[in-house]
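Here's the structure, in structure tokens; my notes come after.
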Amino acid sequence: MPQPGRWNEDLQADYAGKFYRLCFAHPAVMAITWWDSCDAHSFLPGGGLLREDACPKPIYHVLKRLIHE
């Protein structure tokens with residue numbers, strides 16, 4: 001995981017994509033929860049799936065592909 005203060009949209013998408021692939025590789029995992037949908041109110045700066053203006057971030061597209069393809 002990146003050090004505090006070094007998180008950006010590309011690292012978020014890469015890390016989360018790998019993490020969810022790993023999770024879903026285990027047969028007991030049936031669902032995911034992402035607590036902050038938008039950066040505007042995220043407890044972690046930049047932790048949402050959408051930017052403050054509600055535009056999708058790279059992580060949104062990564063998770064969409066993992067879920068639907």
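Each principal axis of the Cα cloud of the chain was evaluated for its coordinate range; sorted largest first, these ranges are 34, 25, 18 Å. A simple spin-label model places the labels of Asp14 and Ser42 1.6 nm from each other, with each point 7 Å out along Cα-to-Cβ.
Protein heavy-atom surface of the chain, 1.4 angstrom probe: 60% of the accessible area is carbon and sulfur, with nucleic acids and ligands not counted. Compute the accessible area per residue over the chain, keeping the other protein chains in place, probe 1.4 Å, unit Å². Value for the chain: 77 Å² per residue.
The values are calculated or read from the model by the stated rules, or taken from the named source; none is laboratory data. Keep in mind the model is a prediction, meaning the values are calculated, not measured. Every residue, glycine among them, receives a Cβ derived from its backbone with ideal geometry; neighbour counts consider all protein chains shown. Keep in mind that these areas ignore ligands, DNA and RNA; they rest on the heavy atoms of the full protein, side chains included. Shrake-Rupley method; radii C 1.70, N 1.55, O 1.52, S 1.80 Å.
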